[in-house]
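These notes are about the structure you will find just below.
Derivation of every value follows stated rules applied to the coordinates shown; laboratory data play no part. Quick caveat: nothing in here was measured; it's all calculated off a predicted structure.
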Amino acid sequence: MLNHDFRYPDTAAFDFVVKRLAERGVDLHRLSEIAYDLQHKFEPAISKDECYQELINVLHKRELLNNAMVALELDRLAEEGQIKEPLLSIIKNDAGVFGVDEALALQTANIYGTIGVTNFGYLDRLKYGIIKQYDSDNEHVNTFIDDLLGAIVAALCGKLAHKYA
Ligand code: MG
């Protein structure tokens, strides 16, 4: 199956992730505002608009897009019952000992260095802002999306921190 002629579909991946996040009710401005809330204490010059622009830059990173596509699709497939057991029940019930959602999120948070990992842990404990609504929504499968959102914000915090270091 390995095809050396395959051209990586960066634009399609970006469009897919942004569209799916919108379908799942994620407002990108609200996401970037979390990073603003966390980072402006350390760097008062940061503006909300800059945080949003940097979020769009972060969302163009191939490593992040790869993880985001897998995370979003696993939630969708589980919700539609298109995964085989026992994995289906594990994902649908957000089993605490599963950990693949967090593993994927940690790798995502790490793309701008370990500051992202620290921020991910902080956001995971806090369930801050928009991330919180997925934790208490029992209508959809949110096993991967809550960690993904925390990881995207955490990576953004890492990028902002490095920019001003
Ligand atoms: Mg999770």
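Structure summary
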| read-out | value |
| --- | --- |
| Given K41/K159; K19/K127; K61/K92, the pairs whose alpha carbons are separated by over 26 Å | K61/K92 |
| Rounded to whole Hz, the Karplus (6.51, -1.76, 1.60) HN-Hα couplings of the range 154-165, x for glycine and proline | 4, 4, 4, 4, x, 5, 5, 4, 5, 4, 9, 6 |
| Binned Cα-Cα distance frequencies in the chain - 5 Å width, integer % | 1, 9, 18, 22, 20, 14, 9, 4, 2, 1, 0 |
